[in-house]
Amino acid sequence: MAGIVLKNVRKEFDNEVVAVEDMNLEIEEKEFLVLVGPSGCGKSTTLRMIAGLDNVTNGDIYIGDTLVNNLMPKDRNIAMVFQNYALYPHMKVYDNIAFGLKVRKTAKPEIARRVKQTAELLGIQDLLYRKPRQLSGGQRQRVALGRAIIRNPGVFLFDEPLSNLDAKLRVQMREEIKKLHERLQTTIVYVTHDQVEAMTMGTRIVVMKAGVVQQVGSPMELYNHPTNLFVAGFIGSPAMNFIEARVFEENDLLFLRGESFQLAISDTFKSRYIGLKDKDVIFGIRPEHIFDKALAGTIPEAGTLKAKIEIVEPMGATVVLVALCGSSKIVASVDSKTKAAPHADLEFLLDMSQMHVFDRESGMRY
């Protein structure tokens, strides 16, 4: 097992494209850390630099106490699982899993013992003498995991390993990888563009945008206290609502005023936002904190907003409503008992204790 430290790491391609900019990150031993962000944000490049598949332009990477900048991938005590499985098509499952041990000239009885142990751990002992083309996507991913596990590496690196699987199988494999982490108690760095994967799997999440780390924290830290508009909009599904508003004070009360609404800021939060008086801001609130007023019951710090329903999306236990408040789009995730219908007006209650306020220019959260 090993922790990983990245110090001022920068990666440029062709001396002009900056893929990763000044990354400083400490990954604890036994941690499950997820790198998440949209395509092109630098997360896979970061993983490849840790693996030694891409060179670092500037900065240092340590695995354990060892500076690995100039070490070959095979000397870094890591194992990598790729999106496309990277199995040898002409080899049976047994030989795919055993390949790394054979290269190291491990004794045949020891190889057999470890292949059997690994196959049992992953539930693929009945597949050992099939070839990859005879396997489903989920089975191939388990074989790829087996090939990584059998080496007993200090660090596992996963590069979007579930993106080729269907939705149901992705959920199953997420659970299996989490259980695997608990059993093996090793360090995992996991790359994904799927924020649901990030939230459900990681002990900590690194959110990246355009090569720059935006925020590092636990899933709930990122959900409850996003540092800026990008993190707030990226984490959470459906995404957070963002509405232009202005903070103003009247009769010693503080309000958020938008194009077609006015929401009181309670005394609980007045001291926090009083410095924004007469300032234009971005008001943020998550769909799950917006309720159909007819079904909401009592919400201690609630604001009322009227909007015209555009789309009704039944989701089973909830219904997602897309509505217009003036020219601002509002998405709400409400109780399935709602009577909301397209083209009708509906009164919403907003839980103002869950509001977020962002600077309109910098995007940073107040």
Whichever residue in segment 89-118 is part of a helix (DSSP H, G or I) and polar (S, T, N, Q) and, among such residues, is surrounded by the fewest Cβ atoms within 10 Å (Cβ to Cβ): Gln117
Qualifying positions in segment 298-334 - within 25 Å of the chain's Cα centre (by Cα) and either in contact (Cβ under 8 Å) with a residue 40 or more places away in the chain or within 26 Å of Lys270 (Cα to Cα) (or both): Val320, Lys329, Ile330, Val331, Ala332, Ser333, Val334
Search result, residues across segment 78-96 that are closer than 24 Å to Lys30 by Cβ and of a type in the set (A, V, I, L, M): Ile78, Ala79, Met80, Val81
Checking Pro226 against (1) surrounded by fewer than 22 Cβ atoms within 10 Å (Cβ to Cβ); (2) touching a Lys or Arg at 6+ places or on another chain (Cβ under 9 Å), the condition it does not meet: (1)
Cβ pairs under 8 Å, 6+ apart, first in segment 27-49 and within 12 Å of Thr203 (Cα to Cα), second charged (D, E, K, R): Glu31/Arg204; Phe32/Lys178; Phe32/Arg204; Leu33/Arg204; Val34/Glu197; Val34/Arg204; Leu35/Lys43
Restricting segment 209-253 to residues that are part of a strand (DSSP E or B), at pLDDT 95 or above and among the hydrophobic types (A, V, I, L, M, F, W, C), the residue that is nearest to Asp345 (Cα to Cα): Ile243
Residues within segment 348-366 that are assigned to a loop (DSSP other than H, G, I, E, B) and farther than 17 Å from Arg257 by Cβ, tallied: 3
Matching residues in segment 254-287 - criterion: being acidic (Asp, Glu) and either part of a strand (DSSP E or B) or more than 20 Å from Thr304 (Cα to Cα) (or both): Asp278, Asp280
Given (1) closer than 28 Å to Glu221 by Cα; (2) outside any strand (DSSP E or B); (3) hydroxyl-bearing (Ser, Thr, Tyr), number of the condition Thr304 does not satisfy: (2)
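The values are calculated or read from the model by the stated rules, or taken from the named source; none is laboratory data. Note that this is a predicted model, so its numbers are computed, not measured. As a convention, Cβ positions derive from the backbone with ideal geometry for all residues, glycine included, and neighbour counts pool all protein chains shown.
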